[in-house]
Amino acid sequence: GLVAERLFVDEEEIINSPKQDFGRYMAGDIKYKDINGDGVVNANDMVALGFPTVPEIQYGFGASAGYKDLDFSFFFQGNANVSFFINPTAGDEGISPFSNRRNALSIIADDYWSETNPNVHAFWPRLSTETVNNNVQQSSWWLRNGAFLRLKSVEIGYSPKNWKRFGIGPGSRIYLSTENPLVFSPFKLWDPEMGSRGLGYPPNRRFNIGMQLSF
């Protein structure tokens, strides 16, 4: 991908910077680094970025324990050494606002470049009702760390031994369980396991309570 420096400040900076060969661009659009120093930013300036999009490390660990009538178990799952690119396009998996009457994600609405907020490090470049080809190039601007550690499941159970008088036999159990209650990740915009699909449906978080009876 390309190495993004920041957003252009104004037209004067654009004139005094290497030409970017990705169509028309203005103040508030992404400024890329001319890696080979030839005065033009194009595909020849792409370099290796981040980790692979397939995790180099996948791991999990858990434990189960019991004490008298109580039992407890948990399981963690994680990915490490993995990166992904946010998809800034107007396609089905992109997060570009306004296309097909799409609303903007809160991160875009709260942090975008404008003439009244000329933040050259804003999350989203200049807003436009049409795709700005310069801003959707694969680059470090959209690169994110996809590592995460997820608490995949937790369960606590209680197996009473004094229910015989009700005709309920041994092995009966009351339990409370949950799936996907927590995730720890440097990426905070949406669930990291979704990768680039910021407008997709996240992994479900479930809570269950139940009873197992034997007679």
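A few points about this structure:
To keep it simple, each residue is scored yes or no on (1) exposed (fewer than 15 other Cβ atoms within 10 Å of the Cβ); (2) part of a strand (DSSP E or B).
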position	(1), (2)
Trp141	no, no
Arg150	no, yes
Gly171	yes, no
Leu176	yes, yes
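- Matching entry among Gly198, Gly157, Gly146 (being in contact with a helix residue (DSSP H, G or I) (Cβ under 6 Å, 6 or more places away or on another chain) and buried (at least 17 other Cβ atoms within 10 Å of the Cβ)): Gly146
- Residue in the range 44-56 that is out of contact with any Lys or Arg (no Cβ under 7 Å at 6 or more places or on another chain), free of Cβ contacts under 8 Å to residues at least 24 places away in the same chain and in a strand (DSSP E or B) present: no
- As a summary of the residue check, Pro160 satisfies the conditions (1) modelled with pLDDT of 90 or more; (2) outside any strand (DSSP E or B); (3) of a type outside the set (A, V, I, L, M, F, W, C) except for the one numbered (1).
- Candidate set from the range 94-120 (those that are within 18 Å of Asn134 (Cα to Cα) and among the hydroxyl-bearing types (Ser, Thr, Tyr)); member that is surrounded by the most Cβ atoms within 10 Å (Cβ to Cβ): Ser96
- Test: residue in the range 165-179 that is in contact with a strand residue (DSSP E or B) (Cβ under 9 Å, 6 or more places away or on another chain), under 21 Å from Ile30 (Cα atoms) and of a type outside the set (Ser, Thr, Tyr): no
Conditions tested, residue by residue: (1) among the basic types (Lys, Arg); (2) within 22 Å of Lys188 (Cα to Cα); (3) surrounded by fewer than 16 Cβ atoms within 10 Å (Cβ to Cβ); (4) in contact with a strand residue (DSSP E or B) (Cβ under 8 Å, 6 or more places away or on another chain).
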| position | (1), (2), (3), (4) |
| --- | --- |
| Arg24 | yes, no, yes, no |
| Asp45 | no, no, no, yes |
| Pro55 | no, yes, no, yes |
| Lys68 | yes, no, yes, no |
| Asp71 | no, no, no, yes |
| Phe76 | no, yes, no, yes |
| Ser83 | no, yes, no, yes |
| Asp92 | no, yes, yes, no |
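- The sole residue among Lys188, Lys161 that is basic (Lys, Arg) and within 33 Å of the chain's Cα centre (by Cα) is Lys188.
- Qualifying residue in the range 35-43 (condition: loosely packed, with under 14 Cβ neighbours inside 10 Å, assigned to a strand (DSSP E or B) and either in contact with a helix residue (DSSP H, G or I) (Cβ under 8 Å, 6 or more places away or on another chain) or on the phi < 0 side of the Ramachandran plot (or both)): yes
- Looking only at the range 178-206, and only at residues there that are hydroxyl-bearing (Ser, Thr, Tyr) and part of a loop (DSSP other than H, G, I, E, B), the one that is nearest to Asn87 (Cα to Cα): Ser196
The values are calculated or read from the model by the stated rules, or taken from the named source; none is laboratory data. If you're wondering where the values come from, they're calculated on a predicted model, not measured in any experiment. Glycine also receives a Cβ, built like all others from the backbone with ideal geometry; neighbour counts cover every protein chain displayed.
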